[in-house]
Amino acid sequence: MGLFGRGRESVPPHPRREPRIDLPLSLESLERVFRDAVDFSKREVQLAGDPERVVTLCYIGGMARMERVNDYVLRPMAQDAGLLACPDMAAVMRHMELGALYDLGVERRRDMDRAALDLVEGNCLLLFPGESEVLSLNVGTEEKRSISAPENETVLKGARDAFVESLRTNTSLVRRHLKAPELKIKEQVVGRQSLTLVDVLYVEGITDPALVSRVEAQLAELDIDALLATGNIEEYLADQTRTPFPLLQHTERPDRLCGGLAEGRVGILVDGLPLGYLAPGVIGDFLRAPQDKSTNWMVASMLTMLRYACLLVTLVLPALYVAMVTFHQEMIPTRLAMSIIAAKRDVPFITLFEVLILLIAFEILQEAGLRLPQAIGQTVSIIGGLVVGTAAVEAKIISPAVLIVVAIAGIAGYTMPSQELAGALRLWRFALAVLAGFGGLFGAVLGLAGLVCHLAGVESFGVSYLTPFASNRGGEKEGRAVLRQPLPKTKLRPAVLNTKNRRNQG
């Protein structure tokens, strides 16, 4: 058995059962389906006090809001004398459907699948004796976390609302920022057991219809049991899984999602996840911070160049240090070389081993800081960075120069706006350090060439991942790859998105 389990184990078939519940729509069938569910409840109700006319109300406790059931359903059925004038139960059902009950969402259900799903979603069902149909009333609780400022995306100048776990709340946040009627929202159900709602958002007249169709098709092919985690969307929708680099942008901020929609991208919102996705995602997008457009264009350009420089530092610096100290000492200035030699005199390990040990320790400390409670995590980071690092240097286990190099590389990685991109860079940092330890600068350059070739072969929904440095379909690019233009001079949307309307302002 390898690292990934039984690699050659045969995969059994996974047939889809249609209908999901092969039972007639009745009270007995509902009781059978929810027989071991303690939150399933039913109640018989007399219509306007007439003991000859009794209907059955079914609901799931905790999913249905009892105030709505009492005020919108039970009270009208007890007080509406018009129900007594109906000749039969079919007329009673029609009378309730047309407005006798105070509810906006009233639907007739004819099959067991849809009725059971309505119960789970928070609706209540009214079953009429002798009728094959039921009425489904929308009385859900709609309980959700209140809208607050984003936690993982710092807002310096901008809106301070963030997505929550409720899908309808998230779509309302998008419409509050982007009020255009051309904003379209299409919905799909993903997950055989979770039955998770997934919305695809785009602006009609701007977004490439082919891109919308491609996202919808890949969502339709997503056949899993439960869509509960972000990885279910990110890995299943990605065109390529053999890359550590992210292919979908994610954001907690509705204004950032709306900015991507206005550019011609496709947005994805998942019920239960407090974030949104934008497709396609290219390397240039992951190196731009949300507040770049809220900052002066000269300052934003300088900060972007700083991020690109930090990308090279966090990726190359440990490998460069290992190569120079191990194979190319002539590249180091004499005084610096003498200082490094003096510091390494009593260290028993080779340079590559020192760097790898510190890089692994850095990853362990970072993981511990993320997984522990916030107060304890900060304490662990401080103890690991100061006490353990200093003690390791004083004990002659590692040299001070290695500690400085790894610390600079780690801090440079924290400047990446996307932590997924930072994680991919950390993975390649290990690979480059190992190659440099065995092949010197030749090994490091070979590793960098392999990285560039890998990125050149990656696409996100048909767009080259090296955009804006790569040319897509031979098309020319407007603007600058790194420097941000003043916003009044940015007249066109990105050419790589193949938008129906390239002009974004007068």
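Quick notes on this one:
- Selection of segment 405-429 for residues being closer than 26 Å to T230 by Cα and hydrophobic (A, V, I, L, M, F, W, C) yields M416, L421, A422, A424, L425, L427, W428.
- Hits in segment 95-104 (condition: over 13 Å from M77 (Cα atoms) and either in a helix (DSSP H, G or I) or open to solvent by less than 50 Å² (accessible area, probe 1.4 Å) (or both)): L98
- Cross-chain or 6+ apart pairs with Cβ under 8 Å, segment 186-209 first and within 11 Å of D225 (Cβ to Cβ), then among the basic types (K, R) and open to solvent by 30 Å² or more (accessible area, probe 1.4 Å): R192/R16
- In segment 146-174, the residues that are among the charged types (D, E, K, R) and in contact with a helix residue (DSSP H, G or I) (Cβ under 9 Å, 6 or more places away or on another chain): E153, K157, D161
- Test result for V313, open to solvent by less than 50 Å² (accessible area, probe 1.4 Å), modelled with pLDDT of 85 or more, under 27 Å from L448 (Cβ atoms) and in a helix (DSSP H, G or I): no
- Figure legend. Inter-residue proximity from segment 168-182: first residues in contact (Cβ under 8 Å) with a residue 60 or more places away in the chain, second residues aliphatic (A, V, I, L, M) and assigned to a helix (DSSP H, G or I), beta-carbon distance below 8 Å, spacing 6+ or different chains. Indicated pairs: V174/L257; V174/L261; L178/L261; L178/A262.
- Qualifying residues in segment 192-218 (those that are under 21 Å from T169 (Cβ atoms) and over 16 Å from the mean Cα position of the chain (by Cα)) - the one least open to solvent (accessible area, probe 1.4 Å): V203
- Scanning segment 24-57 for residues that are part of a loop (DSSP other than H, G, I, E, B), within 16 Å of V134 (Cβ to Cβ) and open to solvent by less than 50 Å² (accessible area, probe 1.4 Å) yields L25, S26, F34.
- For segment 291-307, filtering for residues that are in a helix (DSSP H, G or I) and open to solvent by 40 Å² or more (accessible area, probe 1.4 Å) leaves 10.
- Being free of Cβ contacts under 8 Å to residues at least 40 places away in the same chain, touching a helix residue (DSSP H, G or I) at 6+ places or on another chain (Cβ under 8 Å) and crowded, with 17+ Cβ neighbours inside 10 Å is a description that does not apply to G276.
The values are calculated or read from the model by the stated rules, or taken from the named source; none is laboratory data. Note that the structure is a prediction, hence the values are computed from the model and not measured. In this analysis, Cβ positions are derived from the backbone assuming ideal geometry, glycine residues included, and neighbour counts consider all displayed protein chains. These accessible areas exclude ligands, DNA and RNA; they are computed on the full protein's heavy atoms, side chains included. Shrake-Rupley method; radii C 1.70, N 1.55, O 1.52, S 1.80 Å.
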